[in-house]
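The values are calculated or read from the model by the stated rules, or taken from the named source; none is laboratory data. This one's a predicted model, so the numbers in the text were calculated from it and none came from an experiment. All Cβ positions, glycine included, derive from the backbone under ideal geometry; neighbour counts span all protein chains shown. The area values use the complete protein model at the heavy-atom level, side chains included, leaving out ligands, DNA and RNA. Shrake-Rupley method; radii C 1.70, N 1.55, O 1.52, S 1.80 Å.
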Amino acid sequence: MRPFQMQRREVVGWAAAAIAAAILPFTIPVFAETNRKPVTHIVDITDFVFVPKSLEVRPGDRITWVNKDIVPHTATADDKSWDTGALKPNERKTITVTKKLLGGYFCRFHPSMKAKIATQK
Amino acid sequence: MKIRTLIATVGIALITVMGGAQANDPAKLNDLQIAHVAYTADNIDIRYAHLALALSTNPKIHEFARTMIRDHEAVNTQALALLKKLKAAPQDNFLSKQLTANSLKLIDKMSKLRGNAFDKFYASNELAYHKAVNGLVANAFIPNIENAEVKALFKTGLKIFKAHEKHAEMMVKGLK
């Protein structure tokens with residue numbers, strides 16, 4: 001009986017893995033396969049606004065924040081999981097897109113400045 | 001109540017000066033006098049911020065105060081560079097004197113406060129101060145500045161100070 005139980009578990013395990021492999025690409029678009037080459041998105045920080053305020057990206061893309069104001073700014077995740085650090089006037093910082101970049105972000109120095117990063121469809 | 005009364009008094013004093021139609025009319029100041037007012041107003045806020053860093057233990061107050069120092073110093077640097085380029089010097093005037101006199105009263109009051117009482121006073125004053133100065137810049141200064149470069153710098157400054165006003169508003173709400 002015992003060897004049979006083991007075999008059954010293995011079968012169930014393989015079936016679950018096969019189903020997950022079939023479904024996951026459709027349910028988690030963040031890591032969807034794409035033939036598109038990674039691109040660099042520019043976010044200008046100008047007049048205390050992130051431009052664009054809403055950005056659509058794919059994993060592997062890069063985002064470059066460019067501070068065009070006369071005072072320092074940051075781009076910081078709402079949950080503080082990533083941060084460009086202080087960007088002085090005319091400074092720029094590039095970060096490669098991973099899942100953790102998705103969501104809202106703000107400027108730590110000026111919290112009324114808000115923007116978001118979403119998955120490109 | 002005392003805190004609110006003092007801030008309201010200072011606010012009214014500033015508005016009275018701003019609204020004066022005769023001798024003390026901010027709209028009648030020339031570009032160099034306006035530059036002096038802006039430089040004075042920047043330095044006053046920097047002084048408030050240093051006081052906050054010395055007396056408050058609240059991290060949000062510290063973050064705001066550091067931003068005030070960083071941003072107002074940046075604006076002053078730009079203003080001085082522009083005046084140097086224009087080979088001009090800022091001119092002292094009634095409004096700069098009034099702002100300084102009001103700030104000394106507030107600094108005296110704030111220096112005696114500690115803990116939450118200080119934080120609330122500082123936050124409320126920052127909100128009232130930025131509101132008053134932003135109104136002055138938008139309504140009395142920008143429409144009357146003659147030099148295009150000076151006007152452009154004030155427009156930039158106004159965007160910065162409006163962000164400070166919003167930040168101060170968030171700080172006030174967070175302290176309630």
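Shown for chain B: the carbon plus sulfur share of the solvent-accessible area, taken with all protein chains present and a 1.4 angstrom probe, equals 59%. In region A:40-119, the inverse of the mean reciprocal separation of distinct Cα atoms equals 12.2 Å; this is its Kirkwood hydrodynamic radius. Looking at region A:37-82, the trypsin sites (Lys or Arg not before Pro) that sit in a DSSP loop and have at most 12 other Cβ atoms within 10 Å of their own Cβ are A:LYS53, A:LYS80.
In region A:96-118, which residues give up 50 Å² or more of accessible area once the other protein chains are added, compared with their chain alone (1.4 Å probe)? Going by heavy-atom accessible area, the residues of region A:96-118 that drop by at least 50 Å² are A:PHE109, A:PRO111, A:SER112.
Rolling a 1.4 Å probe across the protein heavy atoms gives region A:40-119 an accessible surface of 44 Å² per residue. Once the Kirkwood radius over Cα pairs is known for region B:61-122, the Stokes-Einstein relation at 4 °C and 1.567 mPa s delivers a diffusion coefficient of 91 µm²/s. In this structure, A:THR94 and A:LYS121 have a Cβ-Cβ separation that, at R0 = 22 Å, corresponds to a calculated FRET efficiency of about 0.40.
Interface of A with B. Using a 1.4 Å probe and counting protein heavy atoms only, the two chains hide about 1200 Å² of accessible surface, both sides summed. Interface burial in region B:42-70 reaches 40 Å² or more for B:GLU63, B:ARG70, comparing the full protein assembly with the chain by itself; accessible area from heavy atoms with a 1.4 Å probe.
The relative contact order of chain B comes to 31 percent, based on Cα pairs under 8 Å that sit 6 or more residues apart.
Per-residue ellipticity at 222 nm computed for chain B from its helices equals -27500 deg cm²/dmol, with DSSP H segments shorter than 4 residues left out and the rest contributing -39,500 (n - 2.57). Over region A:40-119, Cα pairs under 8 Å with separation of 6+ residues give a relative contact order of 33 percent. The phi torsions of region A:62-68, fed into the Karplus equation with coefficients 6.51, -1.76 and 1.60 and a -60° offset, translate into couplings of 10, 10, 10, 9, 10, 8, 9 Hz, rounded to whole numbers, with Gly and Pro shown as x.
Which of rounded, prolate, oblate describes chain B, given a ≥ b ≥ c as roots of the alpha-carbon gyration tensor eigenvalues and a/c under 1.5 marking rounded, otherwise prolate only if a/b is larger than b/c? The shape class here is prolate. Over 31 Å apart at the Cα level, from the set B:LYS109/B:LYS151; A:LYS88/B:LYS131; A:LYS53/B:LYS87; B:LYS28/B:LYS131; A:LYS80/B:LYS84, are B:LYS109/B:LYS151; A:LYS53/B:LYS87; A:LYS80/B:LYS84. Residues of region B:130-176 buried by at least 10 Å² of accessible area upon assembly of all protein chains, compared with the chain on its own (1.4 Å probe): B:THR156, B:LYS159, B:ILE160, B:ALA163, B:LYS166, B:HIS167, B:MET170.
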